[in-house]
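Let me begin by presenting the structure, written as structure tokens, before commenting on it.
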Amino acid sequence: MGIKENSLEFAPGEQKEGVTPAESTLGSFKLRSISKAFLPLLLIVCAFASSALAHSLFVVTRLSDAVAVIDDSTDQITTRIPVGDAPVRISMSPDRLKAYVSNDTSATVSVLDTVALTTTATIRVGPHPQESAVTPDGGRLFLVHQATPTVTVIDTETNSVITNVVIGGHQAKDILFTLDGRFAYVANYTQAAVNVIDTATYQVRTIPTGAGPRRLAISPAGHRVFVTNNGADSVSAIDTQTQQVIATIPVGHKPRGIAITPSGDAIYVGNVQSATVSIIDSITLTVIDTIAVGIKPWQVIFTEDGTLAFVSSSVSGTVSVIDTATREVIQTLVTGSGSFFSAINPDGTKFYVSNSNDTTVSVIDIPSLTVVDVIPDVGSYPFDMDFGP
């Protein structure tokens, strides 16, 4: 934030009638002294206000073994935090004061202080840790693995492993909690099922789905969980009360990314091989529209008010912007090679996307729907990202 100093002293030629030069000099001296006395305080206040408005974006860079931190007020990299080998995913605590980074090759989780911007702990876990999620109360981290049929549960206070819950199969792909935190849902890719873990007892229930369940989403009301079945070209809708599939909805080819509008009225599904987005009505549980987007759409996210959906497509290197009222693409923005994971800053003014085939992150101004910046040298293979405080 720029500060324009105002000394409040009279400029030459502005001397007022009835004021002698001595009085003018004295008055000017007093005003200038007061101004100089308060200037350091003013600078501190303004600097604090500027920092209070800024937010940090944490970007996992897979081949740099680090997390790059970007200030969203300047779109500049402020630091890079070393983590383990081949970091792949990141998740935040509910208060966003801690970040957890899954290090695929080193079989560890790095715990980051998102204010101090340092690594505070490294937790040894099983092979190939991937997606994770923190319980709504912030007390435990649940972590899935690519190579073992387990979910690791970590105490976030002590950074120690509490237990490993056996779910069967391998290559679990996603995890989320019910709104009350009582159950964890796991997309178990090779088992063609969603596992439901009771977070109080660690007992597991298995719900059969279509082949290759990949990504999960929970309705704003918490009454349904939806899973994309990547190998079956469908979406399974699960009732969280009965823990049963209530509908299997055909969509496009190789569905992956899924998101639900903030109002809960529609579910958007990115079909990787069809280069489309299927829109499912949440009441009828049927596809009500199919929208063409870029080649290989991977992720869908909504603005907080639900008026816009952003779809990142890796092969075309684009982001498609969908107006949720008209269900039409209103803008296609060229971002970078391998556009993949994305995030919207807490102010709702900027959309960020990692260009995984190069070393950049593209920044889209949401009000104007234009690419306003490409942040260079983020790190090799920028991938998952999330905002801290």
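The values are calculated or read from the model by the stated rules, or taken from the named source; none is laboratory data. Values in this document were obtained by computation on a predicted structure and should not be read as measured data. Ideal geometry is used to build each Cβ from the backbone, glycine not excepted, and the neighbour counts take in all protein chains shown. Calculation scope for accessible area: heavy atoms of the full protein, side chains included, ligands and nucleic acids excluded. Shrake-Rupley method; radii C 1.70, N 1.55, O 1.52, S 1.80 Å.
Just one of THR286, THR335, THR349 is touching a strand residue (DSSP E or B) at 6+ places or on another chain (Cβ under 8 Å), over 25 Å from SER236 (Cβ atoms) and exposed (fewer than 15 other Cβ atoms within 10 Å of the Cβ); which is it? Talk me through it step by step, then tell me what you get.
Numbers: THR286 fails: over 25 Å from SER236 (Cβ atoms); THR335 fails: exposed (fewer than 15 other Cβ atoms within 10 Å of the Cβ).
Of the residues listed, the single one that is touching a strand residue (DSSP E or B) at 6+ places or on another chain (Cβ under 8 Å), over 25 Å from SER236 (Cβ atoms) and exposed (fewer than 15 other Cβ atoms within 10 Å of the Cβ) is THR349.
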When both residues are 6+ apart or on different chains and their Cβ atoms are under 9 Å apart, which pairs have a first residue that lies in segment 350-373 and is basic (Lys, Arg), and a second that is assigned to a loop (DSSP other than H, G, I, E, B)? LYS350/ASP72; LYS350/ASP75; LYS350/ILE366
Hey, any hits in segment 305-324 for a residue that's open to solvent by 10 Å² or more (accessible area, probe 1.4 Å), polar (S, T, N, Q), outside any strand (DSSP E or B) and more than 30 Å from ASP281 (Cβ to Cβ)? no
Is at least one residue of segment 271-283 open to solvent by 10 Å² or more (accessible area, probe 1.4 Å) and closer than 30 Å to LEU112 by Cβ? no
Quick check on segment 53-74. Is at least one of its residues assigned to a helix (DSSP H, G or I), open to solvent by 30 Å² or more (accessible area, probe 1.4 Å) and at pLDDT 50 or above? yes
GLN171 being on the phi > 0 side of the Ramachandran plot, polar (S, T, N, Q) and open to solvent by 10 Å² or more (accessible area, probe 1.4 Å): yes
